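The values are calculated or read from the model by the stated rules, or taken from the named source; none is laboratory data. Note that the structure is a prediction, hence the values are computed from the model and not measured. Using ideal geometry, Cβ is built from the backbone for each residue, glycine included, and neighbour counts are taken over all protein chains shown. Ligands, DNA and RNA are stripped out before the accessible areas are found, and what is left, the full protein with its side chains, is counted by its heavy atoms. Shrake-Rupley method; radii C 1.70, N 1.55, O 1.52, S 1.80 Å.
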Amino acid sequence: KENASLTILARMDIDFGAKLQAEEGEQYGFGSVMELDRPYLAARHLVTSYPPCDYISFDTEKCLATSDFHAIIVGFSKLGQAVLKQLVQTGQFEGSNFHVTVYDPNMDNIMGLINHSTKTMFENYNIELKRIDAKSMEFYQDLLDNSDVSYVATCLPNPEKNMEIATFVCNVLEENTFI
């Protein structure tokens, strides 16, 4: 019993999910278990706490954005993918061009699932995928060449590396007066 586990993988709608519950009178506890997707929740918290609209300018009389939204995502693990999806949902404004550049040297090993599940996102939005390491000279030069960066999310799995890259990116952008 101690080594046993059960995993149920299924596409469920609300009605089908109810069928997995115990019969009435046999229910114990909450009656259902919901798995929380940490990368999704973290990405949602990011765009709620730091909404993309705070990083571009607007003409409030005409209700139009007066600058473009260009985000950089460093690292394309599950968190980076969740951040990209949230930015697509919350970073587009009337009068503004939307652009996201994603950096990850292991892009080829990551792209399978997200490309399959959200193929139209890559076809319909200005998302650029670059197989570049964030510690490389190529990344540094790319940062200098993209002076219109308005939003940066570092999504590396290692907290120390994440902080190191985030600090580096902020220093580069501040030194070149982009932010």
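If R0 is 25 Å, the Cβ-Cβ spacing of residue 90 and residue 37 corresponds to a FRET efficiency of close to 0.90. Modelled spin-label separation between residue 62 and residue 146, with each label point placed 7 Å from Cα along the Cα-to-Cβ direction: 2.7 nm. Accessible surface ranking for 163, 107, 1.4 angstrom probe, highest first: 163, 107.
Computed over protein heavy atoms with a 1.4 angstrom probe, the accessible surface ordering of 152, 88, largest first, is 152, 88.
You can think of it this way: the chain between residue 167 and residue 138 has 8.7 nm of extra reach, that is 0.36 nm per residue less the Cα-Cα gap. Taking a Cβ cut-off of under 15 Å around residue 133, the surrounding Lys, Arg, Asp and Glu residues balance to a net charge of -1, with basic ones at +1 and acidic ones at -1. When a 1.4 Å probe is rolled over the protein heavy atoms, the share of accessible surface on the stretch 34-179 that falls to carbon and sulfur comes to 50 percent.
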